[in-house]
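Below is one structure; the comments refer to it alone.
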Amino acid sequence: MRALRISRRPAKFAVARLISPISAVGAARLGPLDLVNDDAPALPRHEGWHRLQPRLTGICGSDLSLVEGHASTYFEDWVSFPFVPGHEIVADTDDGRRVVVEPVLGHAARGLPLPFPDAAPGDGDDYAHLVGGHLKPGIQIGFCKSTGGGWSTELVAHESQLHVVPDHVSDEQAVMVEPAAGGIHAALATWPAVDRALRAGEIPVVAVLGAGTMGLCAVAGLRRYVPGVRIVVGARYPHQQALARALGADVAVPADELSRAVRREVGCHVVGDHLTGGSHATIDAVGNSASIADCLRFTRPRGRVVLLGMPAEVTVDLTGLWHRETELVGSYTYGTETMPDGTRTRTFDLAIETVAAARLERLLSATYALEDFEDAIAHASAAGRRGAVKIAFDLRRSRKKVESN
Amino acid sequence: MPRPGFVLEVDRSTPPILFWRGENFSLEKLPAGRSRVIYPPEPIAAIADIDGAIRNALLNPIDQDPLPALLFPGMKLTIAFDDVSLPLPKMQRPDVRQRVIEAVLDLAAEAGVDDVHIISALALHRRMTEAELRHAVGDRVYDAFAPRGLLYQHDAEDPDNLAFLGTTPHGEEVEINKRAAESDLLVYVNINLVAMDGGWKSTATGLSSYRSLRHHHNPDTMTHSRSFMDQHRSELHKSNWRMGKVLLDSGVKVFQIETTLNTDTFPPPFGFLSKREWEWSPRDRMTYLATTKALNRTPARMARNIFHSIEAPHQMTSIQAGEVEAVHRITTEHVYRQQLVEVKGQTDILTMGIPYISPYNVHSILNPILVQVMAMGYYFNMYRGMPLVREGGVIIMTHPCRPEFNPVHHPSYIDFFEQVLADTTDPHVMSQKWERQYAEDEWYKHLYRTGYAYHGVHPFYMWYWGTHGMKHCSRVIVVGGDPKTVRRLGFVPASTMDDALEIASDVVGRTPTITHIHTPPLMVADVS
């Protein structure tokens, strides 16, 4: 198979980290990523495993942080090298189905008992299974040596991870299902704060800082699944602001104007850099020191900040969080959601509905062949500046090449 | 003998004409044979004995008893005065308000009046700083009254200190400063820089609240004020006069003191700004060149500080005191005597250079909304009879129009620019959709009351001020303005004057007639 592979070579990570601020192409070329012809991952001899041939696989922010050498050392114990990145996958299975992959390598995939009946791969309050069972460690496909990943022409996945794509959903929509699920999960994580506002007779205001793929998917999720909210988005680039509005934001402003825009919505005062009130909930879809600090400043006391963007090491003054009794919660992935009306459903089912209904294929800005990975990484790395949102690999072309060889 | 205003027909020998561009200027060549430039009258002579004239006005008022006869021991006396928005630029010390207030206080002291309050009538403008108050009323008055809390600024958001006096037959609510309303005598000290100042506007606007102001500071009133400088055709004027009647009927006794100034606007280093270009001496040309070159290299903030430090040499040309309307009739004649220029007919295009200052950005930034009000609210309205530009014509202004705001003075302007103008530039739509939210915003109220911020609703009023002009003209072009900002205002950006004329040609053809108003100094065109 043809694949992009990441190996544990600290020097390469260091080089990528040094070069990436200057040249994303350079980081892709000289960093830990290699284009290789390799054997396909072995099919585990446990029940329910399938071979998959990807059609499209997205490039996610967490993938970029790996390629550019910025990923947190936290993950070192939760992944297994070498691995093939790529977890936003629409693929064909060996039994002829077109599926999207729910990439978390959960209990079922690892042959372990489920935490509760019908649990999704991402469910459970003990992450021991992520490094256990018959697979090498790995939080999900795209970070695990045993399974391979989506940036290749072939990988393996467990039946519990597969969701058949309805005929009316295109490949371009389907590749947005995984990020959409992440955005919806974050949107639903605002519900406790939103619910409190609604019960108090207030119009809940949810701020979203950052309108890359995840921020925009969160906006789509808020609009579809969190009732009665005013959505205020801070986005750095005009095309992101336009997309945020198109996906249901009531207000979209430049990111550095978000605090002002939130204040306008709620009519509170300003003391120093902090709003005296603020949004009932905030989704931080950026995930760095500055964005977390900003979110803490304009989220109201006893409000909730949902950290959707993946942070690494950050430096933040948490005095405000302490004083304002702000909830700061992480939002990594998806699983089984409790909806505002109390019903329970799978995030991926919601996401499949959403990509079609919200026409999320419009977020897919460009696709590249696997062989053009340097350009693809460079494009994804500068997506905002270049007027793009989501960049993906089109494996359909690479697959044909491999077949003809 | 000062020369009257003058209309220059531009021909091939006419030198380039000076255009203000914020904190800088440029020389622009206007098309010969179809352009004209209106120059203001030269400054008329100031009164030689200003203090004598003041005392004479107080002792010999118009249609009212002399001031000493109105003063008695134990009475409540309130002196209100025009705020920092007047005059422009600020005048060299002593300010005429100081001279008048000192004269009134002398008479009050002679009469044994000891309950005196002095109030800055700022309506919804920002509060004045201590330095600005000292400049306006003088150190002696400030030191005697301010420390004891007897010199203070009107607070239009203090319900405990507002008095509701009734409504006009048109349903306009009249609410003014309670101390002023309940005083035995309210002495108002005015500086009448343009014809719309003064009269009942001093008290009915300067000492009022949003509850009152909204009845005339709205798009309908502004549309039907043609122009603000023509009292007989100004709905704004009529509304203030109706409110004045309510004041009178409710027993408020006003002793109005109005002053006029000449148009001696710039001190010697900047004297060339008031001259006619063909009369520039070699020294003037050198000064112009040196100034513009230096300003091109000066950071905007520093340039702003330089210009705002200018103190104008203008001086008092008249003072009249007594009954409000009688006084104001004479005041208006004096204003017209200084500012009126006879002009025949309209043109297709009106050009104007927007300077660094307006009534609303003293010691501050002329932000894009204030650029709009200067062009469409003030300069467009500097006429009597009919506008200088024909209906459907084009206005071309020069200004850098940067998206810069003073966050202390104009906090709600920033939100207005980002939120309201992003939604609509239609004054009627924004008044319905957005005005109340801004007027009632607690944070803006707090900043207005305790800081140096204009009231939250103020940017709306600035926008409404241009309602008639925006409706009258089919296109507004800004030469040299930041394109994105200019578009946000609903105007069209142009890089040069030629570019602007090219853009205008869509509307007015290839050979339009053009009027340029060469101001400041101020003028009013009497268009027939």
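We did not get these values from a lab; they are worked out from the coordinates using the rules stated. These numbers were taken from a predicted model, which means no experiment stands behind them. Here the Cβ is made from the backbone with ideal geometry for all residues, glycine too, and neighbour counts use every protein chain on show.
Here are a few things to note about the model shown:
- Percent of alpha-carbon pairs separated by more than 27 Å within chain A: 48 percent
- Local net charge near residue B:485, Cβ-Cβ under 13 Å (Lys/Arg +1, Asp/Glu -1): +1
- Projected label points at residue A:273 and residue B:290, each 7 Å from Cα along the beta carbon direction, are separated by 4.5 nanometres.
- On Cα atoms only, tilt of A:177-189 relative to the major axis of chain A in degrees: 30 degrees
- Anchor residue A:136: lysines whose Cα lies under 25 Å away (excluding residues fewer than 8 positions away in-chain): A:12, A:145
- Lys pairs, region B:50-261 - Cα-Cα below 24 angstrom, 8 or more residues apart or on other chains: 14
- For region B:50-261, the alpha-carbon radius of gyration amounts to 0.97 times the rule-of-thumb value 2.2 N^0.38 Å expected for a compact globular protein.
- Other residues with beta-carbon under 13 Å from the beta-carbon of residue B:228 carry, at +1 per Lys or Arg and -1 per Asp or Glu, a net charge of +2.
- Residues whose placed amide H lies under 5 Å from that of residue A:346, excluding near-sequence neighbours: A:337
- Principal axis extents of the Cα atoms in the protein assembly as shown, from largest to smallest and rounded to whole angstrom, are 112, 68, 47.
- Aspartates and glutamates with Cα under 13 Å of residue B:471, excluding same-chain neighbours fewer than 8 positions away: B:220, B:391, B:426
- The phi-based Karplus calculation (6.51 cos²θ - 1.76 cosθ + 1.60; θ = phi - 60°) puts the 3J(HN,Hα) values of region A:191-207 at 3, x, 6, 5, 4, 4, 5, 4, 5, 7, x, 9, 8, x, 10, 10, 9 Hz, whole numbers, x for Gly and Pro.
- Taking A:234, A:122, A:96 in turn, the Gaussian network model of chain A (Cα-Cα springs below 10 Å) assigns the largest fluctuation to A:96.
- Alpha-carbon centroid distance for the pair region B:363-390 / region B:439-485, whole angstrom: 12 Å
- Contact order normalised by residue count of region A:182-346, Cα under 8 Å, 6+ apart, percent: 23 percent
- Close amide H contacts of residue A:208 (hydrogens built in the peptide plane, cut-off under 5 Å, sequence separation of 5 or more or a different chain): A:232, A:233, A:234, A:283.
- All other residues whose Cβ lies under 14 angstrom from that of residue B:170 are scored, Lys and Arg at +1 and Asp and Glu at -1, for a net of 0.
- For chain A, averaging the sequence separation of C-alpha pairs within contact (under 8 Å, six or more residues apart) and dividing by the residue count gives a relative contact order of 17 percent.
- Applying the Karplus relation 6.51 cos²θ - 1.76 cosθ + 1.60 with θ = phi - 60° to region B:427-435 yields 3J(HN,Hα) values of x, 5, 5, 5, 5, 6, 8, 10, 4 Hz, where x marks Gly and Pro.
- Approximate shape of region B:339-423 as ellipsoid semi-axes (Cα gyration tensor, √5λ), whole Å, largest first: 28, 15, 10
- Within a Gaussian network of chain A (alpha carbon springs, distance under 10 Å), most fluctuating of A:213, A:276, A:57: A:276
- Rounded Å value of the spacing that divides the Cα centres of region A:214-233 and region A:338-360: 12 Å
- The spacing between region B:117-192 and region B:1-68, judged by their C-alpha centroids, is 30 Å.
- Measuring nothing but how far apart in sequence close Cα pairs (under 8 Å, 6+ apart) lie, relative to its length, region B:225-366 scores a relative contact order of 31 percent.
- Three-way shape call for region B:308-357 based on the alpha-carbon gyration tensor, with the a/c threshold at 1.5: oblate
- Neighbour counts of C-beta atoms inside 10 Å place B:270, B:25 in the sequence B:270, B:25, starting with the fewest.
- Nearest-20 debye value, chain B charge dipole, Cβ charges on Lys, Arg, Asp, Glu: 1480 debye
- Its Cα centre serving as origin, chain A has a Cβ charge dipole (Lys and Arg +1, Asp and Glu -1) of approximately 720 debye.
- Residue order, fewest to most beta carbons within 10 Å, for B:229, A:339, B:1: B:1, A:339, B:229
- The fewest-to-most ranking of A:75, B:255 by surrounding Cβ atoms within 10 Å reads A:75, B:255.
- Take the Cα of residue A:200, go 7 Å toward its beta carbon, and the backbone nitrogen atoms of region A:296-313 under 16 Å from that spot belong to A:298-305.
- Remark on residue B:383: its backbone amide H falls under 5 Å from those of B:229, B:525, a criterion applied only to residues 5 or more positions apart or on other chains, H modelled at 1.01 Å from N.
- Using only side-chain charges placed at the Cβ, +1 for Lys and Arg and -1 for Asp and Glu, the dipole size of region B:180-257 relative to its Cα centre rounds to 180 debye.
- Residue-wise HN-Hα couplings along region B:40-47, as the Karplus relation 6.51 cos²θ - 1.76 cosθ + 1.60 with θ = phi - 60° gives them from phi, are x, x, 6, x, 7, 5, 7, 5 Hz; Gly and Pro carry x.
- Segment residue B:309-residue B:487, extension gain: residue separation times 0.36 nm, minus the distance between their alpha carbons: 60.9 nm
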